[in-house]
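Only one structure is covered here, and it is reproduced in the block below.
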Amino acid sequence: MEVTLAKTAGFCFGVKRAVDQVYEQASQEGQSVYTYGPIIHNDQVVHDLEQRGVQVLHGLEDLEQIQEGTVIIRSHGVGREVQEKIKSKGLRVVDATCPFVKKIHRIVEEHSKDGVYIIIVGNDNHPEVEGIKGWCRGPVSVVEEPSDLEKIPDLTGRKVCVVSQTTFNYNKFKDLVEKFSKKRYDSSVLNTICNATEERQTEARQIAGRVDAMIVIGGKHSSNTQKLYEICKKECKNTYFIETLVDLDSKPFQSFRHVGITAGASTPNKIIEEVQKRCQN
């Protein structure tokens, strides 16, 4: 069987940076270490960090319970309220927010202070989007589907700024922006999908279009992995979404000559290599 592994599979810059920071803090003795939310959307990494004493804070209520230690802000970022709360408690802060996400925080804060209406293209329930909303100083709408455009109030006479969740489907973003532009508002559109996401999605689409089966590896809560699965499924009907090697049923692959593999930005290389070896054997 021929196996093609995507060159862009696995940890992106922002995720690797965040994970490295947590492991560095966990290696220092004499301090309690917490992450505000899972550092990344990968259960295996989070579990390994827990074994090293790193505790996950699931919200402001958990934050209220701690009196000392180091709190690491996850790669998805948090809103201004959470960041200020951590500092007000006198806790040490390590900000592992992805620089690309941090850039969006600055954009929406600066624009909204000037009275600009913010529209975020993304999943309203995703922690990255929740964090971005938390830096807006005025009204904001989140758009994920064309139907969401109809829920936006009439913005005639107002300036509008459109940004995107960094891991959003690029083609879907373009389609939504095209539909929104028909309203002819005074708007500026900033494509804040990170380059790594665009490259990963493009490569996954190309590989899926020329293989018999496609394997997408990543956490079930990972937005960018879910987007990869959707993209690959459109190109290859035999697309499988797995978290680890344990989830891989090798029986269906016995009839495939060519298999492609890609992985989300939160997937460790070890898991990717295990799946690749299994397919090759």
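The values are calculated or read from the model by the stated rules, or taken from the named source; none is laboratory data. Quick caveat: nothing in here was measured; it's all calculated off a predicted structure. No Cβ is skipped: glycine too gets one built from the backbone with ideal geometry, and neighbour counts run over all protein chains shown. All accessible areas refer to the heavy atoms of the entire protein, side chains included, with ligands and DNA or RNA removed. Shrake-Rupley method; radii C 1.70, N 1.55, O 1.52, S 1.80 Å.
Of the strands (runs of 3 or more DSSP E) lying entirely inside region 78-152, those containing at least 3 residues that are closer than 23 Å to LYS179 by Cα span 117-121, 140-143. Against the test of being aromatic (Phe, Trp, Tyr), out of contact with any Gly (no Cβ under 8 Å at 6 or more places or on another chain) and surrounded by 16 or more Cβ atoms within 10 Å (Cβ to Cβ), the options PHE180, PHE168 yield a single qualifying residue, PHE180.
Right, LYS103: open to solvent by 60 Å² or more (accessible area, probe 1.4 Å), within 30 Å of LYS159 (Cβ to Cβ) and at pLDDT 95 or above or not?
Numbers: open to solvent by 60 Å² or more (accessible area, probe 1.4 Å): yes; within 30 Å of LYS159 (Cβ to Cβ): yes; at pLDDT 95 or above: yes.
Taking the combined requirement at face value, the residue satisfies it.
Here is a list: ALA204, ALA196. Which entry is in contact (Cβ under 8 Å) with a residue 60 or more places away in the chain, open to solvent by 10 Å² or more (accessible area, probe 1.4 Å), hydrophobic (A, V, I, L, M, F, W, C) and outside any loop (DSSP other than H, G, I, E, B)? After ruling out the rest, the residue left standing is ALA196. Inspection of region 60-71 finds a residue satisfying the criterion of being out of contact with any helix residue (DSSP H, G or I) (no Cβ under 8 Å at 6 or more places or on another chain), free of Cβ contacts under 8 Å to residues at least 60 places away in the same chain and of a type in the set (A, V, I, L, M). Under the condition of being touching a residue at least 40 places away in the same chain (Cβ under 8 Å) and of a type in the set (D, E, K, R), the residues counted in region 42-59 number 1. It is to be established whether one or more residues within region 241-259 are among the polar types (S, T, N, Q), in contact (Cβ under 8 Å) with a residue 40 or more places away in the chain and in contact with a helix residue (DSSP H, G or I) (Cβ under 9 Å, 6 or more places away or on another chain). For region 241-259, residues among the polar types (S, T, N, Q), in contact (Cβ under 8 Å) with a residue 40 or more places away in the chain and in contact with a helix residue (DSSP H, G or I) (Cβ under 9 Å, 6 or more places away or on another chain): present. Select, from VAL163, VAL211, VAL189, the only residue that is open to solvent by 10 Å² or more (accessible area, probe 1.4 Å) and out of contact with any Cys (no Cβ under 7 Å at 6 or more places or on another chain). Among VAL163, VAL211, VAL189, only VAL189 is open to solvent by 10 Å² or more (accessible area, probe 1.4 Å) and out of contact with any Cys (no Cβ under 7 Å at 6 or more places or on another chain).
Output the strands (runs of 3 or more DSSP E) that fall wholly within region 1-75 and possess 1 or more residues being open to solvent by 20 Å² or more (accessible area, probe 1.4 Å), or say none.
Working: elements: 2-5, 33-36, 55-57, 70-73.
Result: 2-5, 33-36, 55-57.
One residue stands out among those in region 243-271 that are open to solvent by less than 10 Å² (accessible area, probe 1.4 Å) and β-branched (Val, Ile, Thr): the one that is nearest to ILE40 (Cα to Cα), which is THR267. Scanning region 82-115 for residues that are of a type in the set (D, E, K, R) and over 21 Å from the mean Cα position of the chain (by Cα) returns GLU84, LYS85, LYS87, LYS89, ARG92, GLU110, LYS113, ASP114. Residues in region 200-241 that are farther than 27 Å from HIS76 by Cβ and among the basic types (Lys, Arg): how many? Summing the residues that are farther than 27 Å from HIS76 by Cβ and among the basic types (Lys, Arg) in region 200-241 gives 2.
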